[in-house]
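In what follows, a single structure is set out as structure tokens and then discussed.
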Amino acid sequence: MAEGTTVAIGLVEEGAIDAVIGVSCMSVLQRSFEPVTRAAVPAIGIPLLGDGCSNTTLDYGWLFEEMEKFEGLSQHTPLSVSLLKNQVADYFQPPVLNSCFEADNETEKLALKMMAVGGQRIRPLLAVLAYQSYVPEVAETVQQNLALIIECFHKASLIHDDIEDDEETRYGQPVLHQTSGIPAAINVGDYLIGKGYRVLAKTGLKPEILAECLAVVAESHVKLAEGQGADISLSEKMTEKSAEDMLYIFRLKTGEAVKVALLSGAIAGEAPLAEKEYLSRFSEYFGIAYQIRDDLNEFREENHSANLLDFPFLISLLNGKMRQNNQELASILKENNQNMFRENVEKFGITHLTEQYLQNYVDNCYAELDKLDNQKMRLGLYSVMGKIFKEQSRGQ
């Protein structure tokens, strides 16, 4: 129960609610159901019998009937994403982490520290969601290890990215290479990659399943490195990159990170081949949409970045438009001229064009999800999509 529509919708969007029985006047119910539906949360609305929120009543018989109604059909029961988030969060608390990282040397102590600090843990969540969706019976050790493996790889990539991008903070704290030096940070990143492979090798999966997981992880590491290499060269070659070039980089970097999480869980759960193919394409579209959304959001922030290269997709679109009009963007980027850049973004309708790209890739995500036969997987990813892409309504 929550007082106020805004509070209730906020709880739904942050993943704290698995189902909603809404009781309110009809106008409020109408405004509330779009964001609730977008988050893939089952909901029913029971309108008050009179306008306004005072001096009215409702059909209590209907309300109690809905509250007590339950159909125990497991194949139609979606997984609780909010419960999974809590489970995943527990895996990165001292009891579990200390059993995996003995911290008997400086490298392992730093690795343990990096694993303990966290963001939203989306990638481990996706791995666990996929595993639980497909496996007939959940093995807690396998599930826990999948989360740890994916986070090991993720934290390693962040450590290396921070060095390559010369970042100063992450999660509101100084980055590892600032506190411990670049050589130590590189070594910890390498250690976490090895640790991830070691945990995977000892997870107890069937040999053929383990081989498939290892192949997927190794392939993603190669593609992530290719994407990062292309990203590193952007500062010198930004005006040579088209929008398609940027989409390719997004697919390699973020798309592969999502793919390795979902496919590792799906493979461990012995998902059918067709389902893994749909999840693979979904991951690529999701990664692209995620990066476009981040570019757009960062551009629109009031305290926006002082570095224009933080908006690579917008730059690629603007560069194309300006070239069509025999204009050059290079000098604006070289001088980091914020005002001129924003004037041209507005002049050529770049934010609107970016929104169109974003909507297209969000729609592509849903199109792949609709091909999934596994309802738990489909509804779970609907929920994730609704929470991350709040502003994008699903296309028809």
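Being acidic (Asp, Glu), farther than 15 Å from Leu224 by Cα and part of a helix (DSSP H, G or I) is the filter here; which residues of the range 246-303 pass it? Listed by number, the residues that qualify are Glu275, Glu277, Asp294, Asp295, Glu298. Looking at the range 356-367, which of its residues are within 15 Å of Ser316 (Cβ to Cβ), more than 17 Å from the chain's Cα centre (by Cα) and either not hydroxyl-bearing (Ser, Thr, Tyr) or not assigned by TED's automatic domain parsing to the domain that holds Asp295 (or both)? Residue satisfying the conditions is Gln356 alone. Any idea how many residues of the range 318-327 are in contact (Cβ under 8 Å) with a residue 40 or more places away in the chain and over 16 Å from Ser235 (Cα atoms)? Qualifying residue count for the region: 1.
For every residue, the table says whether it meets (1) free of Cβ contacts under 8 Å to residues at least 24 places away in the same chain; (2) closer than 15 Å to Val88 by Cβ; (3) surrounded by fewer than 24 Cβ atoms within 10 Å (Cβ to Cβ).
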| site | (1), (2), (3) |
| --- | --- |
| Pro124 | no, yes, no |
| Ala127 | no, yes, no |
| Gln132 | no, yes, yes |
| Gln144 | no, yes, yes |
| Ile149 | no, yes, no |
| His154 | no, yes, yes |
| Glu164 | no, no, yes |
| Glu168 | yes, no, yes |
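Matching residues to (1) assigned by TED's automatic domain parsing to the domain that holds Leu110; (2) among the polar types (S, T, N, Q); (3) over 24 Å from Val258 (Cβ atoms); (4) touching a His at 6+ places or on another chain (Cβ under 9 Å):
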| residue | (1), (2), (3), (4) |
| --- | --- |
| Glu137 | yes, no, yes, no |
| Ile149 | yes, no, no, no |
| Leu158 | yes, no, no, no |
| Arg170 | yes, no, no, no |
| Pro174 | yes, no, yes, no |
| Ile186 | yes, no, yes, yes |
| Gly189 | yes, no, no, yes |
| Leu200 | yes, no, no, no |
| Cys213 | no, no, no, no |
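Identify, please: which residue in the range 298-325 is among the polar types (S, T, N, Q) and modelled with pLDDT under 90 and is, among those, surrounded by the fewest Cβ atoms within 10 Å (Cβ to Cβ)? That would be Asn303. Here the condition is being at pLDDT below 95 and surrounded by 15 or more Cβ atoms within 10 Å (Cβ to Cβ); of Lys237, Lys259, Lys241, Lys202, it holds for Lys241 alone.
Among residues of the range 178-209 being among the hydroxyl-bearing types (Ser, Thr, Tyr) and part of a helix (DSSP H, G or I), the one that is nearest to Glu102 (Cα to Cα) is Tyr191. Is it the case that the range 87-103 has a residue that's assigned to a helix (DSSP H, G or I) and crowded, with 21+ Cβ neighbours inside 10 Å? Looking through the range 87-103, at least one residue is assigned to a helix (DSSP H, G or I) and crowded, with 21+ Cβ neighbours inside 10 Å. Here the range 328-355 is the region considered, the condition is being in contact (Cβ under 8 Å) with a residue 60 or more places away in the chain and outside any loop (DSSP other than H, G, I, E, B), and the residue that is farthest from the chain's Cα centre (by Cα) is Ala330.
The values are calculated or read from the model by the stated rules, or taken from the named source; none is laboratory data. The model shown is predicted, which means the values in this text are computed figures rather than measured ones. In this analysis, Cβ positions are derived from the backbone assuming ideal geometry, glycine residues included, and neighbour counts consider all displayed protein chains.
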